[in-house]
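Structure record follows, encoded as structure tokens.
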Amino acid sequence: MKATLRWISDALAVKEIGPAMVHYCVKNGMIHATNGLITAAHPWPFSEDEFLVSGVEFERILVRMVGDEPTLKVISDDQIRIRSGRFHGTVYTLPVKDWMYPGVDGAQWLPLPDQLTDVLRTLRAFISDNPAQAWAGCVALEHNNAYSTNNIAVAGLACPVGNIEALLPSTAIDFIMKRLDGLESWAWTDNYVAFRWSSGAWMRAQLVIGKFPEKAAQLVREAYDSKPTQPISDTFRDAFNDVAELAEDTVKIYANRIESKFKRSVIEAKVKCEVPEGKEYSIWGARFLLPVIAQASIWSPSTWPKPTPFKGSHCAGFVIGRRE
């Protein structure tokens, strides 16, 4: 019971937007949760009854139960009792008939495309945590391509997703990445993209309204054919991370070192790298270059201050540096 709740809990709303979004719905042998953006369901073999139960109350009681597998029993029209050994708790419930949860009835399930989860994981790194536009908080799936951007770096990859046109929100990607075991199929409509696991569990994500900018998508497709010149070795990656993670804002990359500043401190790491012709160094926003260096295996910093191409096993794109 605890494992099932852990699987589905990320689909429950954190704030009390409405009763349905902070309650688990147990119905037809499944437990459901929704936060308005994503809805998830998981097989529920612990009770044949139907009810809505407060997520916070249910979870708080269950977490205190150790040892024996908890058992659940409906004791009245508006109460359930959870028991484990000598410990038990009673939780008030709401009637299921008063609430409707989004489902996946009629979804045409297809095998999960090759590389899709790897591509989603990689492109998630390029999504801003505070996107200015709704589409910037998503991975765009468009006609056998996938794209994402934080407005400084744009990345993508050719991926066999078919003729879908969908903006998949980062919350859905995060849910999937934590639950890759048993993930086997997906489906989409004009309104949502859904994923299904071998256990019978599923998750659907409401699609974001809008469209990934075509200019940015075209830039990614151009990156597919780019030929970056500087391999990103483990040594370079480690040196960059050590410096960039301490940076207050920018990172300077010299021919023989990487340098950043934090208040009055200067942080340096000795490592070799390309520099633009006629320049002593290139300058980058630290937090924007971090995902590039993490996900790419080769890039061309010598093109700075022009957009710099990069490539990795599951991405290709361009990143823009800072000007002096």
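Where a number appears in this text, it was derived from the coordinates with a stated rule and is not lab data. As the structure is a prediction and not an experimental result, all values here were calculated from the model. Methodologically, a virtual Cβ is constructed for each residue, glycine included, from the backbone with ideal geometry; neighbour enumeration extends over all protein chains shown.
Some points to look at:
- Within the shell defined by Cβ-Cβ distances under 14 Å, the residues around SER300 carry a net charge of 0, with Lys and Arg each +1 and Asp and Glu each -1.
- Kirkwood hydrodynamic radius (C-alpha pairs) into Stokes-Einstein, the range 174-324, 25 °C and 0.890 mPa s, D in µm²/s: 138
- Loop-located trypsin sites (Lys or Arg not before Pro) across the range 5-103 with a Cβ neighbour count of 16 or fewer within 10 Å are LYS15, ARG64, ARG86, with loop assigned by DSSP.
- Three-way shape label, the range 230-319, alpha-carbon gyration tensor, a/c 1.5: prolate
- Among the listed pairs LYS272/LYS311; LYS279/LYS311; LYS215/LYS279; LYS263/LYS306; LYS227/LYS272; LYS15/LYS211, those beyond 22 Å (Cα-Cα): LYS279/LYS311; LYS215/LYS279; LYS263/LYS306; LYS15/LYS211
- Relative contact order of the range 2-98: 22 percent, from C-alpha pairs under 8 Å at least 6 residues apart in sequence.
- Taking the number of Cβ atoms within 10 Å of each Cβ as an exposure proxy, the fewest-first ranking of HIS42, HIS314, HIS88, HIS23 is HIS88, HIS314, HIS42, HIS23.
- Taking GluC sites (Glu not before Pro) across the range 37-110, the ones in a DSSP loop with at most 10 further Cβ atoms lying within 10 angstrom of their Cβ are GLU48.
- Cross-link partners for LYS27 among the lysines, with Cα-Cα distance under 16 Å and sequence neighbours closer than 8 places in the same chain left out: LYS73, LYS97.
- Its relative contact order, with pairs defined as Cα atoms under 8 Å and 6+ residues apart, puts the range 110-221 at 26 percent.
- Gap separating the Cα centres of the range 245-264 and the range 17-67, nearest whole Å: 48
- Three-way shape label, the range 110-221, alpha-carbon gyration tensor, a/c 1.5: prolate
- Over all projection directions, the Cα-based convex hull of the chain averages an area of 20.0 nm².
- Taking each DSSP H run with n ≥ 4 as -39500 (n - 2.57) and averaging over every residue of the chain yields -5500 deg cm²/dmol at 222 nm.
- The order of GLU69, GLU245, going from fewest to most other C-beta atoms within 10 Å of their C-beta, is GLU69, GLU245.
- Taking the chain and dividing mean pair separation by its residue count, relative contact order in percent (alpha carbons under 8 Å, at least six apart): 13
- Distance cut-off 19 Å, percentage of C-alpha pairs in the range 26-111 lying past it: 44
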